[in-house]
Amino acid sequence: MKQHAAAFTLAIVMASAALAAEGKLEGKFERNLEPLLGEPTIDIQQAFKDQRLPNVVVATDGAVLAAWGWGQVRVRRSEDGGTTWGPEIAVGKGLLSGGVTLDEKTGDILLFTEAKHPPAPLTMYRSQDHGKSWKEEAVVIHPDGNGNVPSMCMAEHGITLRHGEHVGRLLRPARVYEGKRGYNSAVYSDDGGKHWRSSGPFPIVGTGEGAVAELSNGHVYYSSRNHWFEKEENFRYQRPFAWSYDGGATWRDAGYHKELPDGPRYRGSRRGSNYNGHFGMMCGLARLPVENRDILVYSNADTPEHHRVRMTVWASFDGGKSWPVKRLVFAGPSAYSSLDAGPPGTPAEGWIYLLFESGGAKMARFNLSWLLEGEKTGDGDVPEWVTIASNSASATEARKRDDGVWRPLPTSLEDGLLTQRVACWERNRLWHMVDGEGGYMLSGFQSRPGQHPWQGEHVGKWLHAATLAHERTGNEQLGKTLRETVERLLDAQEPNGYLGTYAQKSRFYSIPAANHWDVWTHRYNLYGLLTHERFHPDDRVVKACERIADLLIGTFGEGKADITRNGTRRGISSTTVLESIMMLYERTREERLLKFAEHIVKCSENAPGLRLMGAMLKKEDVSGPGEGKAYQLMANLLGYAILYKHTGDHRYLETAQNGWENIKAHHIYITGGPWSRHTDYNGNKECFALPRDFAPAEAVVETCSTTTWIQLNLHLLELTGLARYAAEAERAVFNALMAAQHRDGIDWCYFTRANEAYRGYSPKITCCASSGPRALEMFSRYLIGEVDGGIALASLVPCSAVLPEAFGKAKIKVTGSYPCSPRVGIRFEEAGGKEFAIEFRDPADARLTSVRINGDDIALSKNDRGFYRIRRAWKSGDGIDIDFEYLLKSHIEAPKDGPRWVAFTYGPWALAQTTEKGAAVAEPFVGKDFRPEAASEWMEASSPEKAGEVRFRIKNTQMLLTPYCHAGGRNSGPRTYFQF
């Protein structure tokens, strides 16, 4: 259709915000390749349910806009890089004309519609708030040299030119409808979209529905649908292209790509009269925002037949000359498509977006690494600079996964309850372990066989805890003792790698099916040695650990003995070596170690009485696998968590998280300790029992289990950044763990109970007394961390840290006496005005009442990880004051065949009565009309004997309840649960 008028006036919708300053592009739109690489990732969502015609563009602030519509044009926006999408925003009636164009100079977005199938009246809309609202403005489109004013319909999005002499020019595809002689073209504007000039025609006639991309040298690449052939035999499957060297004003040097398809052969059947001359399909095209590189991505249906199916993307690394790799996105029905990529420094950075017709519209987002793993086309090769960058990014991504979402920062303890308990261990039991009981910690290695089946575990546990203590305190004597202990342990290793305490004939490689703890010993030797080597690199230590691993692989690897036939409880004690093997893999990156770790999982899944991952993925109870041996089962979950860190396989993370969920829901006292009990369906009292068998005077908490539960929570915090894991670790530390530690700093309990006549403290070197200090040190290491570009406080105990360079090396100090008091301060020192976020969480069973910054009240809400987050520029002298209200709550346990029980918490504290050994106890709630939800009806605060002491009295009695960790002693015990 010819329009011989001098100009054609349109209506445009304009948003309310003011235009940005003209004359230069806003911000930097191209950076390096790295954000597009990393772990290969893709996801697909349904964007719209009906109609047709897609365009996707990413705004300057990173908001992703999906534009769509045949009848009613609308958009949807995502402000988080495409993870979630807002509601549909109506723009106007008609057909989406394609060519949605982002003006990178102003941030405006232009959108075109036509009243019906073109040629038809045009309307253009402008948004100045990144697509949230749209308004109208008159514009002018000038005809081309043939006197035609082009149509806009059914084209890929437009672009802003960034290079050459036409920087800032808006350019979008257009077309002239003139029957079989119609042709593609473009329109361009140098005044922000008010006036548009038409380019010369695309060199090949019968074309339509184009796409444009600018290269780094300023040349513009045009990809066109070959829309019409007079005769079927003239059909060419290849995609036409042409070039502009003058900013889109003219097009020349046309050709056909031998690799890129133009879409389906034609619409309708290949037989009879259904041939209608229509070929090809509208494609997606975008240049990735990589400085001085010309990486193009192209999308279309990858089929030579007549069906519109198999949406596929291709990549070119030389500006469209060759297309060496492609990958299928969606195999089902797929038609018109549109592509764009997120700009640097925004939530969309690193993502490629593909909006395509498929039962409505689907939105796929993926990274370049995902595309690079696709099929090689034979049309050239992926260049070396891409593969080198990809390999480097994969290693970087692996390191990020190793570090986790939440990364602990070196932290110093300030005066407080945690500091007191850590100091008790560091001044006393730490040294008692070195020489205590005649050098028991190492004697089993130096004079084999040892005295006890798991005597060998203690040195590894001590190395773990003592190394963390040394890194925090810098104690020179401790550093010297650590080095001497490592040397003595290495000297005990045999040439084949064996580093246990068993006699030759009884070792795991001599009797692979033995029911003993030899593999278990090697688990902890690996753990302790690798922890020390992490802070004090030593190739001899690494080689010693590799010899242990090779001996294990030679005994239990592929085609060898079944590791689940070794050890106790269906092999669950031996499969705990999984975590230590993965720690060694993290250090060496030797693939044989990862292969062995996954082989251990395979053996576990093939063992009918174990099958831990399968059981957890089905959300079965933890009392089943390995007879529910609590300590060892949770130690296995640690292995699955670290497997996820290094593989990205979400089954492993889900295994650990589902296990956590089950334990938290059904197997945790209010003290935070995982309880276990001997029943007729498990092996002994250290095995998880079903909730129906809850009995607070019989069910025990093994201190090894408490330690491993704390460690599991810290691992999951590291991997996910979720506040709930930090809260559960803290609850276990301040209740179950501290109750197991005597305040003399030497004695520990092997078991504790919620209700017991006295605490079983002992100075003996036992597994539990060696485990407990590890939990104190691990928790102290995770008080302050880095997450999502900010600083997070996992706990509000008094502590301090000097922050990394990215945070201006500011020093932060947490003040107060938490958990003894719910009032906390955060102070900033040596802070030079660097802007960053700091976040904190609620204590368990507490409510935030106020937050003040430098005396001014502020309102906060939680983020999706459960933390309160404050972002601002921090200066020396800045302070945050935080007040919580501890809530008094009751907690009910109702086993199937026994009495019901109630216990009470006050904020993070579990409350307990102290009862003298042998004394009769009364049940104050039996026979009463007890309402569990109304704890305050039964409890009243009691005057403390000393400042900061928590004391409650059960009303109408003389029964006092205090924090569980303070209740009971050598001749008295706690009563935490009461019958009702």
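The values are calculated or read from the model by the stated rules, or taken from the named source; none is laboratory data. On a predicted model such as this, the values are computed, not experimentally measured, just so you know. Neighbour counts run over all protein chains shown; Cβ positions are idealised from the backbone, glycine included. Side chains are part of the model used for accessible areas, which takes the heavy atoms of the whole protein and leaves out ligands, DNA and RNA. Shrake-Rupley method; radii C 1.70, N 1.55, O 1.52, S 1.80 Å.
General observations
- Members of segment 358-383 found to be surrounded by 15 or more Cβ atoms within 10 Å (Cβ to Cβ), under 20 Å from VAL64 (Cα atoms) and of a type in the set (Gly, Ala, Ser), listed by number: SER358, ALA361, ALA364
- Residue within segment 499-508 that is in a loop (DSSP other than H, G, I, E, B), open to solvent by 10 Å² or more (accessible area, probe 1.4 Å) and touching a residue at least 12 places away in the same chain (Cβ under 8 Å) present: yes
- Some residue of segment 388-399 being closer than 30 Å to LEU776 by Cα and at pLDDT below 95: yes
- Residues of segment 744-783 classified as of a type in the set (A, V, I, L, M), under 25 Å from GLY528 (Cβ atoms) and touching a Ser or Thr at 6+ places or on another chain (Cβ under 7 Å), total: 2
- Scope segment 333-357; condition in a strand (DSSP E or B) and open to solvent by less than 20 Å² (accessible area, probe 1.4 Å); matching residues: SER337, SER338, LEU339, ALA341, GLY342, ILE352, TYR353, LEU354, LEU355, PHE356, GLU357
- In summary, VAL950 fulfils each of the numbered conditions (1) out of contact with any Cys (no Cβ under 8 Å at 6 or more places or on another chain); (2) surrounded by 14 or more Cβ atoms within 10 Å (Cβ to Cβ) with the single exception of condition (1).
- Selection count where residues are under 38 Å from the mean Cα position of the chain (by Cα), over 30 Å from SER412 (Cβ atoms) and surrounded by fewer than 24 Cβ atoms within 10 Å (Cβ to Cβ), scope segment 441-490: 2
- Verdict on GLU916 being at pLDDT below 95 and open to solvent by 30 Å² or more (accessible area, probe 1.4 Å): yes
- Checked across segment 558-572, the condition of being in contact with a helix residue (DSSP H, G or I) (Cβ under 6 Å, 6 or more places away or on another chain) and closer than 23 Å to LEU490 by Cα holds for no residue.
- Residues that are assigned to a helix (DSSP H, G or I), open to solvent by less than 10 Å² (accessible area, probe 1.4 Å) and charged (D, E, K, R) are absent from segment 534-557.
- Identity of the residue in segment 859-889, surrounded by fewer than 18 Cβ atoms within 10 Å (Cβ to Cβ) and among the acidic types (Asp, Glu), that ends up nearest to GLU933 (Cα to Cα): GLU885
- Scope segment 39-75; condition within 13 Å of SER127 (Cβ to Cβ), in a strand (DSSP E or B) and open to solvent by 10 Å² or more (accessible area, probe 1.4 Å); matching residues: ARG74
- Of all residues in segment 715-751 being more than 26 Å from ALA903 (Cα to Cα) and among the aliphatic types (A, V, I, L, M), the one that is surrounded by the most Cβ atoms within 10 Å (Cβ to Cβ): LEU717
- Residue check for GLY255: surrounded by fewer than 23 Cβ atoms within 10 Å (Cβ to Cβ), touching a helix residue (DSSP H, G or I) at 6+ places or on another chain (Cβ under 6 Å) and modelled with pLDDT of 75 or more: no
- Within the option set THR467, THR419, THR473, THR481, being modelled with pLDDT under 95 and β-branched (Val, Ile, Thr) holds for one residue only, THR473.
- Within segment 953-980, the set of residues being over 22 Å from CYS820 (Cα atoms), assigned to a strand (DSSP E or B) and either β-branched (Val, Ile, Thr) or open to solvent by 30 Å² or more (accessible area, probe 1.4 Å) (or both) comprises GLN979 only.
- Residue tally, condition without any contact (Cβ under 8 Å) to a residue 40 or more places away in the chain, among the small types (Gly, Ala, Ser) and over 18 Å from GLY790 (Cα atoms), over segment 835-867: 3
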